[in-house]
1. Just the residues that are within 12 Å of chain B (Cβ to nearest Cβ), open to solvent by less than 30 Å² (accessible area, probe 1.4 Å) and under 14 Å from the mean Cα position of the chain (by Cα), please, taken from the stretch A:82-105.
2. Out of curiosity, is B:Gly2 open to solvent by less than 50 Å² (accessible area, probe 1.4 Å), outside any helix (DSSP H, G or I), under 28 Å from A:Val177 (Cα atoms) and small (Gly, Ala, Ser)?
3. Check whether at least one residue in the stretch B:270-292 is open to solvent by 10 Å² or more (accessible area, probe 1.4 Å), more than 12 Å from the ligand (Cβ to nearest atom), at pLDDT 50 or above and touching a His at 6+ places or on another chain (Cβ under 9 Å), and report yes or no.
4. Only residues that are outside any helix (DSSP H, G or I), in contact (Cβ under 8 Å) with a residue 40 or more places away in the chain and either touching a helix residue (DSSP H, G or I) at 6+ places or on another chain (Cβ under 8 Å) or over 20 Å from B:Ala174 (Cα atoms) (or both): list them for the stretch B:341-353, please.
5. For the stretch B:12-19, check the following and say yes or no: at least one residue is away from every other protein chain (no Cβ under 12 Å) and either in contact (Cβ under 8 Å) with a residue 12 or more places away in the chain or exposed (fewer than 13 other Cβ atoms within 10 Å of the Cβ) (or both).
6. Quick one: B:Arg102 ticks every box in (1) within 58 Å of the chain's Cα centre (by Cα); (2) modelled with pLDDT of 90 or more except a single one, so which number is it?
7. Given the structure, is B:Ala53 open to solvent by less than 40 Å² (accessible area, probe 1.4 Å), facing chain A (nearest Cβ under 9 Å) and at pLDDT below 85?
8. For the stretch A:64-81, check the following and say yes or no: at least one residue is open to solvent by 10 Å² or more (accessible area, probe 1.4 Å), among the hydrophobic types (A, V, I, L, M, F, W, C), modelled with pLDDT under 75 and at negative phi.
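The values are calculated or read from the model by the stated rules, or taken from the named source; none is laboratory data. Quick caveat: nothing in here was measured; it's all calculated off a predicted structure. All Cβ positions, glycine included, derive from the backbone under ideal geometry; neighbour counts span all protein chains shown. The protein model used for the area step is the full one, side chains on, heavy atoms only, and it has no ligands, DNA or RNA in it. Shrake-Rupley method; radii C 1.70, N 1.55, O 1.52, S 1.80 Å.
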Amino acid sequence: MDTSLDFEISHRPDFALLTIRLAQGQQVFGEPSAMASMDTTIHLKAGLRGGLRRSLGRAFGGESLIVNTFSAKGGPGEVTMAPGVAGDVTHYKLHGQRLMLQRGAFVAHGPGVDITGKWQGARGFFSGEGLVLLQASGHGDLFFNSFGAILELDVADGFFVDTGYVVAFEDTLDYRVTVLPGLGVGSKVKSFLFGGEGLVCRFSGQGKVWIQTRTIHPFLSWVHPYRPQGRGGS
Amino acid sequence: MGPFDGGVFDKRLQGGRAGAQLTVDAHGVHASTTAGDTFDVPARDCQLELGGASGRMWFCRTPDRQLTIYSEARGFAEALASLPNLSQPVAELRRHRRAESRRGVLFLLAALGMLIALGIAGYFGLDYAGRAAIEALPREADERIGRLAINSMDLGGPTVHDKTVTDAVNAIVARLAEHAPGDFEYQVRVLDAETVNAFALPGGQIVVYTGLIAKAEALDEVAGVLAHEIAHVTQRHGLQRIAQSLGVAGSLELLLGDLGGLSAIAVELMRAGALTSYGRDQEREADEQGVLTMHASGLDADGIARFFQKLQKEQDEMEIPEIFAWMSSHPDLDERIANVRAQIDSLGPVAEQPLEIDWDAVRRAVGPDAEAAGSAAEADATEKAPEQNADSKAGSKAKRRKR
Ligand SMILES: [Zn+2]
């Protein structure tokens, strides 16, 4: 059975919108906050998918426990999805290979794809980006988002990427979190313990890496002073 | 053996890669994709690598590296090892990986140990780290922070311009500054307010309230308080407080020379009243240094002890401690009086060189029936926005009570 989805990604790369046209009976699974619009023929069901353990794995990876299932029960129809941050959406076709995703990057997947959380141990501890990465496996379509535009890079030998810029990579790549060679000892210790400049992922082996052209942290600190003040909360 | 879940890298595939089902037999490693393409790497050609995101993925490559078949499925490595020419490479790669992961664990433990050590050091050694960081800073840092702080503070009263008062206070500070350690330049302001208070900001900004002058029967009492406040400046207690509030990370930043944001933090602390209320150790140090300065200046170091006693007595009798702001930031008076007197005894006799100031005249000038001083103060208050002064007075009182 062909599980491929009919989709279009428009308004790239700044405010990408994902449109999926479902044939009658087809399904797509999306991050709950991502749905922007859908036809009345589409039936939406919120719920755990893949069992509690997988859902918990997702939760540790920074994704919500709940994945919305959109089914074209009443006839063919469209679902549009917009990620929470301004940026691009990328399509990746799984043919039995696997992809590691940074937390928060997941947007949607078609039937036949499985998303689980993968504990990253010390590497996650030092990257400052989360102890768990999401792992997508199976056969089918996967959509993930970035902050800013997204670049796809083929790693042949070694490659350094600042930890804040990594969106996804194929699991055939070996990676470790390290400090950029050439920094002074003081800044090395500092960036290792407190994160920030100079902390990089070193990829080696064969596979693809997707990197985003902006990171979210400077953006958040730039926005912070302009937030409304004085109504409690954070 | 097999099948194993895995994949293939080959230029002939769309996108150059695909997932595949693998089998291993005496001829080598075979892969077939879901699309039906098949690939083979003969056993004698297979170059093994171990890696991938999990670190447990086995790659079998042809010598020209055009074709790679990989898997991390359970049993795949054993299947490879069963081939005569691959058993040794499999064992070697495994040994290598084990050694590496042991190093990884050691490294993690070392890093965790460092974090814990830093935490402990931060908890017990902040004083030291703070001091080290402060001593490394130029004196301009104190001055800049002091200026920023005084300009952003609610001082709580109009400036006094009566020369009888200002000349006297300036003369006292000048005498003390000459004999105090360090070469800070002091700027003194006398402010008209009931509060019995005086404080010093980093870099040498000194503020004295008329309430304190009116309360002191002798010049040496005010001089004692001022010598104590000057000691807070020379010992750089204000910056130490900032370093303490910054915590480990901040102190490290200071040590690493990052001054950005320090001033903003100082102003924040100022607002919270932290810069003029010091720790017990700092107060003890200021008392000791204050006595030394008084002694060196030829003034009666017992003045501060007498002033302490007076404040305590009045507080006990009157039960309105609000105006005794200086006391509320300087607790444990009994103990401190005793310490000061013990120190004076150990110093021996003073070669007294009294200042030629008519202290009674100064007190009359700030007293409740001081017409001239009162009107001067009022004139000054109208220069600034009067309602702002009223606000700031209430504000500073509220803050002091909170602490
Ligand atoms: Zn003090």
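1. Those that are within 12 Å of chain B (Cβ to nearest Cβ), open to solvent by less than 30 Å² (accessible area, probe 1.4 Å) and under 14 Å from the mean Cα position of the chain (by Cα): A:Tyr92, A:Leu99, A:Met100, A:Leu101.
2. It is false that B:Gly2 is open to solvent by less than 50 Å² (accessible area, probe 1.4 Å), outside any helix (DSSP H, G or I), under 28 Å from A:Val177 (Cα atoms) and small (Gly, Ala, Ser).
3. Yes, some residue in the stretch B:270-292 is open to solvent by 10 Å² or more (accessible area, probe 1.4 Å), more than 12 Å from the ligand (Cβ to nearest atom), at pLDDT 50 or above and touching a His at 6+ places or on another chain (Cβ under 9 Å).
4. Passing the criteria: only B:Val350.
5. If we filter the stretch B:12-19 for residues that are away from every other protein chain (no Cβ under 12 Å), which is where we start, we get B:12.
Add one more test, that the residue is either in contact (Cβ under 8 Å) with a residue 12 or more places away in the chain or exposed (fewer than 13 other Cβ atoms within 10 Å of the Cβ) (or both), and what stays is B:12.
Looking through the stretch B:12-19, at least one residue is away from every other protein chain (no Cβ under 12 Å) and either in contact (Cβ under 8 Å) with a residue 12 or more places away in the chain or exposed (fewer than 13 other Cβ atoms within 10 Å of the Cβ) (or both).
6. Tallying (1) within 58 Å of the chain's Cα centre (by Cα); (2) modelled with pLDDT of 90 or more, B:Arg102 fails exactly one: (2).
7. Values: open to solvent by less than 40 Å² (accessible area, probe 1.4 Å): yes; facing chain A (nearest Cβ under 9 Å): yes; at pLDDT below 85: yes.
Yes.
8. Checked against the condition, which is being open to solvent by 10 Å² or more (accessible area, probe 1.4 Å), among the hydrophobic types (A, V, I, L, M, F, W, C), modelled with pLDDT under 75 and at negative phi, the stretch A:64-81 yields at least one hit.
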